[in-house]
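First the structure, in the form of structure tokens, and then the observations on it.
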Amino acid sequence: MSNIRLDIDKALGEVTKEQVFALEAKVKESIKALHDGSGAGSDYLGWLHLPSSITEAGLKEIEDTAALLRARCDFVVVVGIGGSYLGTKAVVEALNHSFDWLQRERKNPVILYAGHHIGEDYLYELSEILKGKQFGIINISKSGTTTEPALAFRILRKQLEETVGREEARHRIVAVTDRERGALRALAKKEGYRTFAIPDNVGGRYSVLTPAGLLPVATAGINIRELVAGAAAVEKTTGADTPFAANIAALYAAMRNALYANGKKIEILANFHPKLHYIGEWWKQLYGESEGKEHKGIFPASVDFTTDLHSLGQWIQEGERTVFETVISVKKPDYRTTVPRDENDSDGLNYLAGKRVDEVNKMAELGTQMAHVDGGVPNIKITLPEISAYSIGQLFYFFEKACGISGYVLGVNPFDQPGVEAYKKNMFALLDKPGHEKESRAIRARL
């Protein structure tokens, strides 16, 4: 199978190749720290060798459970937030039919999502659409008490039990949670739910290749073996013994840090394929949560081209020059559609007649790259041979490995997220959560 490729040539100019390679020693130190566990956050390095350590028995258990859900359910709601949701949605959106939910004859259930925000109207409408439907729930939470997913699960579990009875609901609910502790683990044990463990040493944003991602992805009918195989291939080619110039994760980490040091504070992940939208959403969490601390870090943004060329394109082309782009390019589409000839040519498109739509898209991609580079926006390019489970698996591991390296080069712990707790403390105080009485009084005084 073909591998993903990295091209940094169009990012050179703002920084030189010598500046990028000047970071080689620091990058190698970072890679060593990852592999020997001597860096900050070393308790959360379980993702590093995860692809190559997933067993046949582990994959089969996931596939068997997914098959049971598919046999019972027309809809499966994945309950989770952050890394317990974005990785799954990124894979499912990339690999399933764009209009999957409209297909009449289905082999696999429609995957729906809850617990990724606190939207009352959304939860009401989800509950309404599930009335009379055969549905199940995959609840993903290490603790079982994170507000957003816990709230959604409470509502959906009640609806499911009222619809099919408590006994049948036990067969339609799967808990992906801590191996031993937490409210969800205790509930699963009490109710007899099937369970899978999220490894203690894997943080949420790195968890797509754990059961947190693999179970819902398998339930959607996607080949998780190919996903894991793709990740394992990049794990091997970005290992500690891979030379710097041949290590795509190392080069990407070095290039983005060189650009950051040169005043490029914003990285835009761009794609020219609409199925990759949620890859950008997952990537934003990975890099934002990993690097945005100690008043440091590149701000991660994402765009869908050519759509956003008609909105944000103006700013990217001529706005403040603090930005660089990383473009995901797909070499080969799945299908073939050609532009027909029109006798009247009223839209002036006959010059495209007979061409594939993808050829038009590729020229838009090339033209955009040239325009943005000319406008002072360095471009890094990642090429996927096609959108497949194997190539998406490669992309996920590539970004994860590069993120760990990049965070260490930047000088932060890329595996914690202390700032995430700030809003929770305020929310709990405002809601008068038991145990937060002192904080409640203080915040009321402020208001």
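The values are calculated or read from the model by the stated rules, or taken from the named source; none is laboratory data. Source: prediction; values computed, not measured. Cβ placement follows ideal geometry from the backbone for every residue including glycine, while neighbour counts extend to all protein chains displayed. Each accessible area value is taken on the protein alone, full model and side chains, heavy atoms only, with ligands, DNA and RNA left out. Shrake-Rupley method; radii C 1.70, N 1.55, O 1.52, S 1.80 Å.
Can you tell me which residue is farthest from the chain's Cα centre (by Cα) among those in segment 1-39 that are hydroxyl-bearing (Ser, Thr, Tyr) and more than 22 Å from residue 381 (Cβ to Cβ)?
That would be 38.
Please go through (1) more than 21 Å from residue 205 (Cα to Cα); (2) crowded, with 20+ Cβ neighbours inside 10 Å for residue 30 and return the number of the only condition it doesn't satisfy.
(1)
Would you mind finding the one in 281, 343 that is of a type in the set (D, E, K, R), open to solvent by 30 Å² or more (accessible area, probe 1.4 Å) and not in a loop (DSSP other than H, G, I, E, B)?
281
State all residues of segment 35-55 that are part of a helix (DSSP H, G or I), over 18 Å from residue 87 (Cα atoms) and open to solvent by less than 30 Å² (accessible area, probe 1.4 Å); if no residue qualifies, say none.
None; the set is empty.
Out of all the residues in segment 56-73, is one or more open to solvent by 20 Å² or more (accessible area, probe 1.4 Å) and either part of a loop (DSSP other than H, G, I, E, B) or hydroxyl-bearing (Ser, Thr, Tyr) (or both)?
No - not one qualifying residue is present in segment 56-73.
Taking segment 413-433 on its own, how many of its residues are in contact (Cβ under 8 Å) with a residue 24 or more places away in the chain, crowded, with 16+ Cβ neighbours inside 10 Å and not polar (S, T, N, Q)?
Adding up the residues that qualify gives 3.
Among 275, 293, 236, 265, which is the only one that is surrounded by fewer than 16 Cβ atoms within 10 Å (Cβ to Cβ), touching a residue at least 60 places away in the same chain (Cβ under 8 Å) and at negative phi?
236
Among the listed residues 186, 258, which satisfies the condition of being of a type in the set (A, V, I, L, M, F, W, C) and crowded, with 23+ Cβ neighbours inside 10 Å?
So the residue among 186, 258 that is of a type in the set (A, V, I, L, M, F, W, C) and crowded, with 23+ Cβ neighbours inside 10 Å is 258.
Which is assigned to a strand (DSSP E or B) and of a type outside the set (Ser, Thr, Tyr), of 129, 155, 137?
137
Which residue pairs have Cβ atoms closer than 8 Å, lie 6 or more positions apart in sequence or on different chains, and pair a first residue in segment 350-366 that is more than 13 Å from residue 306 (Cα to Cα) with a second residue that is in a helix (DSSP H, G or I) and open to solvent by less than 70 Å² (accessible area, probe 1.4 Å)?
Every condition considered, the pairs that remain are 352/360.
Which residue pairs have Cβ atoms under 6 Å apart, sit 6 or more places apart or on different chains, and have a first residue in segment 367-385 that is within 12 Å of residue 327 (Cα to Cα) and a second that is surrounded by fewer than 16 Cβ atoms within 10 Å (Cβ to Cβ) and of a type in the set (Lys, Arg)?
383/5; 383/331
Given the options 220, 250, name the one that is closer than 30 Å to residue 325 by Cα, among the aliphatic types (A, V, I, L, M) and in contact (Cβ under 8 Å) with a residue 40 or more places away in the chain.
250
So, in segment 379-430, exactly how many residues are at pLDDT 95 or above and more than 18 Å from residue 288 (Cα to Cα)?
Going through segment 379-430 one residue at a time, the tally reaches 16.
Any idea how many residues of segment 205-233 are open to solvent by 40 Å² or more (accessible area, probe 1.4 Å), in a helix (DSSP H, G or I) and not hydrophobic (A, V, I, L, M, F, W, C)?
Of the residues in that region, 2 qualify.
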